[in-house]
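Trainee: Input: one structure, supplied below.
The values are calculated or read from the model by the stated rules, or taken from the named source; none is laboratory data. Predicted model only: the values in this text are computed from it and were never measured. Cβ placement follows ideal geometry from the backbone for every residue including glycine, while neighbour counts extend to all protein chains displayed. Just so you know, the surface numbers come from the protein's heavy atoms only, side chains and all, with ligands and any DNA or RNA stripped out. Shrake-Rupley method; radii C 1.70, N 1.55, O 1.52, S 1.80 Å.
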Amino acid sequence: QSDPSVRYRLHKDILKSDIKVLETIQHDMLHNGWGHTLMSFQMEDGYWRGYYSPKWISTHYTLQTLRCLNYPKTETILYAINRILKEEKCKDGGISPSNTKLWSDCCVNGMFLNNACYYGADEKEIESIIDYLVNAQICDGGFNCSFNRHHVVHSAFNSTLCVIEGLYEYELNGYTYRLDDVK
């Protein structure tokens, strides 16, 4: 009887319910619950406030929350993702959390890749993010969000997890550009 996103996770991960049950619950998310409430705050321009700021209520974090809720794929979410891909990239090909677009961040790119792949972004549009992340791997095999701003020689736990989750979602959704490098 709980929020559709909680019911979805219960049926998917614990009860291993049929795909039709999961689809019915996701359809309910479009009209009820936390995901529906978050979607009601999306502005006409496709964003929820700014791209990365204010933190936690911005577009970046709202998309992250919707993804965690397993909110269904919609045209309005894909519109926001496509806008980010067109407007928030730096010269290095990654997505920037900064309005100045001077640098990208591994954590932000890992989280964004996770969202973009889950919601079906065009592969051609995310190739530069894959290039950025493959090139961002540091000598110990992990990732550190400061690698391109400071001389770092060790990975950061959160950065590495964000990137791995994004790369996993990339592979899971059938994307193939540089897949051997991603693996």
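Trainee: Residue by residue through the range 8-50, note down the ones that are surrounded by 15 or more Cβ atoms within 10 Å (Cβ to Cβ) and among the hydroxyl-bearing types (Ser, Thr, Tyr).
Mentor: Listed by number, the residues that qualify are Tyr8, Ser17, Thr24, Tyr47.
Trainee: Pick out the one residue from Lys12, Lys20, Lys16 that is over 30 Å from Lys101 (Cα atoms), charged (D, E, K, R) and touching a residue at least 24 places away in the same chain (Cβ under 8 Å).
Mentor: Lys12
Trainee: While we're on this one: If we keep just the residues of the range 105-148 that are open to solvent by 10 Å² or more (accessible area, probe 1.4 Å) and hydrophobic (A, V, I, L, M, F, W, C), which is farthest from Gly93 (Cα to Cα)?
Mentor: Cys139
Trainee: Then there's this: In this structure, does Ser159 turn out to be of a type outside the set (Val, Ile, Thr), assigned to a loop (DSSP other than H, G, I, E, B) and open to solvent by less than 40 Å² (accessible area, probe 1.4 Å)?
Mentor: The answer is no for Ser159.
Trainee: Return the pair list, or none, for Cβ contacts closer than 6 Å from residues in the range 29-46 that are under 15 Å from Ser2 (Cβ atoms) and small (Gly, Ala, Ser) to residues that are in a loop (DSSP other than H, G, I, E, B) and modelled with pLDDT of 95 or more, at least 6 apart or on different chains.
Mentor: The qualifying pairs are Gly33/Asp3; Gly35/Leu69; Gly35/Tyr71.
Trainee: How many residues does the range 166-183 hold that are part of a loop (DSSP other than H, G, I, E, B) and surrounded by fewer than 19 Cβ atoms within 10 Å (Cβ to Cβ)?
Mentor: Qualifying residue count for the region: 6.
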